[in-house]
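One structure is given below, encoded as structure tokens.
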Amino acid sequence: MATGETQIDNGIFRVTKWSIEPNDSIPMHLHEFEYVVVPLVNDTMHVTNSDGTEIAAEIRIGQSYTRPAGAEHTVANRGESLIEFVEIEKLL
């Protein structure tokens, strides 16, 4: 089961720790805000965009990346290990 734990939501930033179990995914969702992802594991996430295109996103511990507002996708864990990352949304 994929779970999101909100750690901070102060009106400026929302920080969520995501955990995706093997063979599970975060359902299709739209990012209303620009965001940063901070991986907590080395693994591959499979990202399927709303237009059906797919990306195998290699993530590495501590190698953060950013995405613009408006991204709409699912994020799947097709591997055998738990995938965890922290997502930081800029609300302002």
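All of the numbers you see were taken from the coordinates with simple rules; none came from a lab. Not measured: the values here are computed from a predicted model. For neighbour counting, all protein chains shown are included, and Cβ atoms are generated from backbone atoms with ideal geometry for every residue, glycine included.
Structure above, values below:
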| item | result |
| --- | --- |
| For segment 41-54, 3J(HN,Hα) per residue [Karplus equation, 6.51 cos²θ - 1.76 cosθ + 1.60, θ = phi - 60°, Hz, x = Gly/Pro] | 9, 9, 5, 10, 9, 9, 9, 10, 6, 4, 8, x, 5, 10 |
| Extended-chain gain in nm, criterion 0.36 nm per residue less alpha-carbon gap, D9 and Y65 | 18.1 nm |
| Positive minus negative residues near P22 (Lys, Arg vs Asp, Glu; Cβ under 11 Å) | -3 |
| 13 Å beta-carbon shell around G11, net charge (K/R +1, D/E -1) | 0 |
| Charge context of G70, other residues only, Cβ under 13 angstrom, K/R +1, D/E -1 | -4 |
| Unit charges on C-beta of K, R, D, E only; dipole of the chain, Debye | 220 |
| √(5λ) per eigenvalue of the Cα gyration tensor, the chain, largest first, Å | 20, 16, 12 |
| Phi to ³J(HN,Hα) by Karplus 6.51 cos²θ - 1.76 cosθ + 1.60 over segment 78-83, Hz, x for Gly, Pro | 9, x, 10, 10, 5, 9 |
| Whole-Hz couplings from phi, Karplus 6.51/-1.76/1.60, listed for segment 21-29; x for Gly and Pro | 5, x, 6, 10, 7, 8, x, 3, 8 |
| Difference of contour (0.36 nm per residue) and Cα-Cα distance, H46 to M1 | 14.6 nm |
